[in-house]
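So the structure is just underneath, and the comments pick up after that.
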Amino acid sequence: MRNDGMDTLERKALIFNVQKYNMYDGPGVRTIIFFKGCPLHCLWCSNPEGQPGGHQVIFKRGSCIHCGACVPVCPKGIHRISAAGEHVIDREISCIGCRACEEICLTNALSIAGTYMSVSDLVDIVMEDKAFYDYSGGGVTLGGGEVLMQPEAAISLLAACKRQGVNTAIETSGYANMETVMRFAEYVDCFLYDVKHFDPEEHLKYTGVRNERILENLAALLERRYAVKVRIPLLCGINDGERSIDGICGFLRPYADYKNFKGVDLLPYHKLGVNKYSQLDIKYPLSGDPVPDDAVLTRVKAMFNNRGLDAAVMRH
Ligand code: SF4
Ligand code: SF4
């Protein structure tokens, strides 16, 4: 394998979760490593703690006994107990991730999103489950947040995993310059590539960015024969309409017979991440109930299948 000096094991990545024994984000049994920071702000994001860079305090209000132990240990003055006895977190002050508050809290009311981890340590974690990958055809998937935002550490990690014979995937919005995407491509066995809406203005409305660069990068990966599975988070009234789905079908149709095009996964919206918003003192940005029912899923799946495109419903 080419060694272009990017596989430095000492590089640090800002990570907000590591999930083992995942069966959804790529083939087989997988370890998922969540990279912090994302250029998109999808209204339905189930990992809001992964959107900003840096560190955030996650506060389980119901577990707090207002003892005040976290107040004096914070070097930034982020915690205080109000005159009314309420625990107040000053979200305007940047948390430096020292974890002093997390460690002193006896009720586990506090945790910190964001840990700098070396590539070397991450490889060690991945390799703990090599036997499961070998048995199941699994491997490692880098997700987020958006892994493309930390290219140096992520590419080093992917390269190191490949050297150890571990299958690699990334779960991505595709929102980066093409050069960055192609640097990743050399070390990625399969892209799990989100297409959230076909209309650029609607994409902007729901995610905070337009989608032209996302679609250009997707086309380039498919044209250059890199393995790609397209994933569509499906939300009623947001992206399940005929125009958006038909647009995506038309875009993908030329690649239907490419061996490197691995089909489409439809990911029905779920509410698993809703609690996290209140723990971050953020108002949940999505109103209504956009969970697609079986009829919607059947209709959308049929639209792909009728255009000769493999599509499957993937429930988390
Ligand atoms: S240490 Fe824990 S329980 Fe005590 S005030 Fe802080 S968050 Fe609440
Ligand atoms: S991690 Fe450190 S800086 Fe951040 S809130 Fe806790 S004590 Fe304060």
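The values are calculated or read from the model by the stated rules, or taken from the named source; none is laboratory data. Remember, predicted model here, so these are calculated numbers, not experimental data. All Cβ positions, even for glycine, are placed from backbone atoms using ideal geometry, and neighbour counts span all protein chains on display. Areas reflect the complete protein model, heavy atoms only, side chains present, ligands, DNA and RNA absent. Shrake-Rupley method; radii C 1.70, N 1.55, O 1.52, S 1.80 Å.
Net length available on complete extension from His316 to Glu86 is 79.2 nm, with 0.36 nm assigned per residue and the Cα-Cα distance removed. Rounded to the nearest 500, the helix-only mean residue ellipticity at 222 nm of the chain stands at -8500 deg cm²/dmol, with each DSSP H run of n ≥ 4 adding -39,500 (n - 2.57). Close amide H contacts of Gly144 (hydrogens built in the peptide plane, cut-off under 5 Å, sequence separation of 5 or more or a different chain): Phe35. Take the Cα of Ser120, go 7 Å toward its beta carbon, and the backbone nitrogen atoms of the stretch 159-174 under 15 Å from that spot belong to 160. State the percentage of accessible surface on the stretch 219-316 attributable to carbon and sulfur atoms; use a 1.4 Å probe and exclude ligands, DNA and RNA. Using a 1.4 Å probe with all protein chains present, the stretch 219-316 comes out at 50 percent carbon and sulfur.
Heavy atoms only, probe 1.4 Å: what % of the accessible area of the stretch 136-198 goes to carbon and sulfur, would you let me know? Before the final figure, lay out the partial values.
Working: 770 of 1610 Å².
The computed percentage sits at 48.
Pulled fully out, how much extra length does the chain show between Val291 and Asn305, if you take 0.36 nm times their separation in residues and subtract their Cα-Cα distance?
Full extension from Val291 to Asn305 adds 2.9 nm.
The GNM of the chain, with springs linking C-alpha atoms under 10 angstrom apart, assigns the highest mean-square fluctuation among Tyr226, Tyr133, Tyr21 to Tyr21. Under a Gaussian network description of the chain, with springs only between Cα atoms under 10 Å, the residue in Glu171, Glu179, Glu212 that fluctuates furthest is Glu179. Classify the chain as rounded, prolate or oblate from the Cα gyration tensor: take a ≥ b ≥ c as the square roots of its eigenvalues, call it rounded if a/c is under 1.5, otherwise prolate when a/b beats b/c and oblate if not. Judged from the Cα gyration tensor, the chain comes out oblate (a/c at least 1.5, b/c at or above a/b).
Over 24 Å between Cα atoms, which of Lys162/Lys301; Lys162/Lys259; Lys76/Lys205; Lys271/Lys301; Lys36/Lys259 qualify?
On the way: Lys162/Lys301 34 Å; Lys162/Lys259 22 Å; Lys76/Lys205 35 Å; Lys271/Lys301 22 Å; Lys36/Lys259 32 Å.
Too far apart for the 24 Å limit: Lys162/Lys301; Lys76/Lys205; Lys36/Lys259.
Round to the nearest 0.05 the FRET efficiency obtained for Ala219 and His66 when R0 = 35 Å and r is the Cβ-Cβ distance.
Rounded to the nearest 0.05, the efficiency is 0.05.
Residues of the chain: accessible area per residue at 1.4 Å, in Å²?
On the way: 14380 Å² over 316 residues.
That works out to 46 Å² for each residue.
Springs join every pair of Cα atoms under 10 Å in this Gaussian network model of the chain, and among Gly85, Gly250, Gly273 the largest mean-square fluctuation is at Gly85. Residue by residue, the stretch 21-29 carries 3J(HN,Hα) couplings of 6, 7, 10, 10, 9, x, x, x, 7 Hz when phi is fed to the Karplus relation 6.51 cos²θ - 1.76 cosθ + 1.60 (θ = phi - 60°); x denotes Gly or Pro.
On the accessible surface of the stretch 57-113, probed at 1.4 Å, how many percent belong to carbon and sulfur atoms?
On the way: 1760 of 3260 Å².
Carbon plus sulfur share of accessible area: 54 percent.
With both bridge residues required to lie in the chain, what share of the DSSP beta bridges run antiparallel, to the nearest 5%?
About 40 percent, rounded to the nearest 5.
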